[in-house]
1. If Tyr41 passes every condition in (1) surrounded by 13 or more Cβ atoms within 10 Å (Cβ to Cβ); (2) part of a helix (DSSP H, G or I); (3) modelled with pLDDT under 90 but one, which one does it miss?
2. Evaluate region 66-73: report whether one residue or more is at pLDDT 90 or above and aliphatic (A, V, I, L, M).
3. Could we say that Ala137 is surrounded by 10 or more Cβ atoms within 10 Å (Cβ to Cβ), at pLDDT 90 or above and touching a Cys at 6+ places or on another chain (Cβ under 9 Å) here?
4. Within region 54-90, how many residues turn out to be within 30 Å of Leu18 (Cα to Cα) and of a type in the set (Gly, Ala, Ser)?
5. Look at region 23-38 and say how many of its residues are of a type in the set (Asp, Glu) and part of a helix (DSSP H, G or I).
6. For Thr80, indicate whether it is out of contact with any helix residue (DSSP H, G or I) (no Cβ under 6 Å at 6 or more places or on another chain) and modelled with pLDDT of 90 or more.
7. Just a yes or no: is a residue in region 46-66 touching a Pro at 6+ places or on another chain (Cβ under 8 Å), assigned to a helix (DSSP H, G or I) and in contact (Cβ under 8 Å) with a residue 40 or more places away in the chain?
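The values are calculated or read from the model by the stated rules, or taken from the named source; none is laboratory data. Model, not experiment: these values are computed from the prediction. Cβ placement follows ideal geometry from the backbone for every residue including glycine, while neighbour counts extend to all protein chains displayed.
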Amino acid sequence: MPLREIIGKATAFGLVSLACIGGGFFAFYGSHSYNDYVSVYLPFFLWIVGAGVGGIGTLLVLGIIADGRRRQKEEALHITPRPGPLGPPPPWGMGDVGRPGSGVVKMGEHPRPMGGGVVRVVSSRASNLDAPLLIGALLVWTLVMLIWLAPR
């Protein structure tokens, strides 16, 4: 299970929840002006937000744990039980497929690349300006199309 993610999210949601609940207590017991009507509802709002953040954090952490258990279960080796010993190959002649030296599948002695060329590494390089340039080009394209296709 992703322990680092669980600890990080539990800590973050726990701190935010405790901060909201603590702020609600400070807003409730703090001094207030006579005509300060916000301070009447603020503590209750902060308590509700704190409880909501704590609940959402709990659900997310439980979801991460459940997903980790599901992934572990999927990755486990599953062997289908057979009722008895393996049967003979089928009568239509597929018994030799995949066996070395059967003559059914014959490959060359040495592997050759397709086309007789040389195997080369393909690489690409992206700079920090690629994304802003693409976004700028798309904005310019959008403006040009809006002006060009505008009803006259």
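1. All conditions are met except number (1).
2. Yes, some residue in region 66-73 is at pLDDT 90 or above and aliphatic (A, V, I, L, M).
3. No.
4. 6
5. 0
6. So Thr80 fails the test.
7. yes
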